[in-house]
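The values are calculated or read from the model by the stated rules, or taken from the named source; none is laboratory data. These numbers were taken from a predicted model, which means no experiment stands behind them. All Cβ positions, even for glycine, are placed from backbone atoms using ideal geometry, and neighbour counts span all protein chains on display. With ligands, DNA and RNA removed, areas are computed over all heavy atoms of the protein, side chains included. Shrake-Rupley method; radii C 1.70, N 1.55, O 1.52, S 1.80 Å.
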Amino acid sequence: VRQRTAALREIGEFLNKNIDFTFIKLFQKYKQNAYLVSQYLPVLFPTWRDPFFKRSQLFVGMTYGRFQDWADCPIDADSLSDLTIFSDYKAPQTLIAMGIIEPRSQLLTRLHRKEFLASGSQKELELRAASIIGADMITENLKSLVDESVNSLNTDFLLWSASSRAAEMPSGLFTHEWLNHHYTMTTDY
């Protein structure tokens, strides 16, 4: 709660000091490039610093989702291809159930026991990194099979939807047991 409160205060203090700031201007400054804005947001808001830029990329993705149909959308759609999935706790869970990530037995035991993985620990970072790599593989396959315009935002949405509605997914999509998601005390996701 303290970290979340600090993040809200940080944004409030920033906006009070920069009364002419708008996110539209920020996107214009970085030539409407989703990746560049996602990399700069943690500079503006240090509480958003995360090795995988989860919150800043999520912000950019949600902004695009909100304004994508507007004639003056602040984000160039082509630049979305430089983002990764929003690596959190659901993506690894889904990718494990799909058999795309295969954790070693020690980690599987910890997931079964609902043991906490320390934020920033090797296991937590490896699990999140593996999720990005696995999702990139899915994205590349979808590009070649479905549509060249598929990007990580689409894959992230598919993974999230699959985890939320696992019972409704096609037979054979999940080849492995559904495990609990990993538990980590963090504000990164």
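Yes or no: the range 73-85 includes at least one residue that is within 30 Å of residue 171 (Cβ to Cβ), in contact with a helix residue (DSSP H, G or I) (Cβ under 9 Å, 6 or more places away or on another chain) and surrounded by 14 or more Cβ atoms within 10 Å (Cβ to Cβ). Scanning the range 73-85, I find at least one residue that is within 30 Å of residue 171 (Cβ to Cβ), in contact with a helix residue (DSSP H, G or I) (Cβ under 9 Å, 6 or more places away or on another chain) and surrounded by 14 or more Cβ atoms within 10 Å (Cβ to Cβ), so the answer is yes.
The residue pairs whose first member lies in the range 1-26 and is touching a residue at least 40 places away in the same chain (Cβ under 8 Å), whose second member is part of a helix (DSSP H, G or I), and whose beta carbons are closer than 8 Å, counting only pairs six or more residues apart or on different chains, are 3/47; 6/47; 7/47; 7/48; 23/63. Set side by side, the residues 140, 126 differ, and just one is in contact with a helix residue (DSSP H, G or I) (Cβ under 9 Å, 6 or more places away or on another chain), of a type in the set (D, E, K, R) and open to solvent by 70 Å² or more (accessible area, probe 1.4 Å), which is 126.
Taken together, 118, 91, 97 contain a single residue that is open to solvent by less than 20 Å² (accessible area, probe 1.4 Å) and over 30 Å from residue 31 (Cβ atoms), which is 97. If only residues of the range 27-37 that are over 20 Å from the mean Cα position of the chain (by Cα) and free of Cβ contacts under 8 Å to residues at least 40 places away in the same chain are counted, the one that is least open to solvent (accessible area, probe 1.4 Å) is 30.
Condition check: part of a loop (DSSP other than H, G, I, E, B) and either at negative phi or open to solvent by less than 30 Å² (accessible area, probe 1.4 Å) (or both). Does residue 7 satisfy that? For residue 7, the condition - part of a loop (DSSP other than H, G, I, E, B) and either at negative phi or open to solvent by less than 30 Å² (accessible area, probe 1.4 Å) (or both) - is not met.
Filtering the range 38-56 to residues that are touching a residue at least 24 places away in the same chain (Cβ under 8 Å), surrounded by 13 or more Cβ atoms within 10 Å (Cβ to Cβ) and part of a helix (DSSP H, G or I) leaves 38, 44, 47, 48, 54, 55. Among residues of the range 98-149 being of a type in the set (Val, Ile, Thr) and under 21 Å from residue 160 (Cα atoms), the one that is nearest to the chain's Cα centre (by Cα) is 132. Is there a residue in the range 129-136 that is in a loop (DSSP other than H, G, I, E, B), out of contact with any helix residue (DSSP H, G or I) (no Cβ under 9 Å at 6 or more places or on another chain) and open to solvent by less than 90 Å² (accessible area, probe 1.4 Å)? Checking the range 129-136: not a single residue is in a loop (DSSP other than H, G, I, E, B), out of contact with any helix residue (DSSP H, G or I) (no Cβ under 9 Å at 6 or more places or on another chain) and open to solvent by less than 90 Å² (accessible area, probe 1.4 Å). Please work out if residue 136 is at pLDDT 95 or above and not aliphatic (A, V, I, L, M). For residue 136, the condition - at pLDDT 95 or above and not aliphatic (A, V, I, L, M) - is met.
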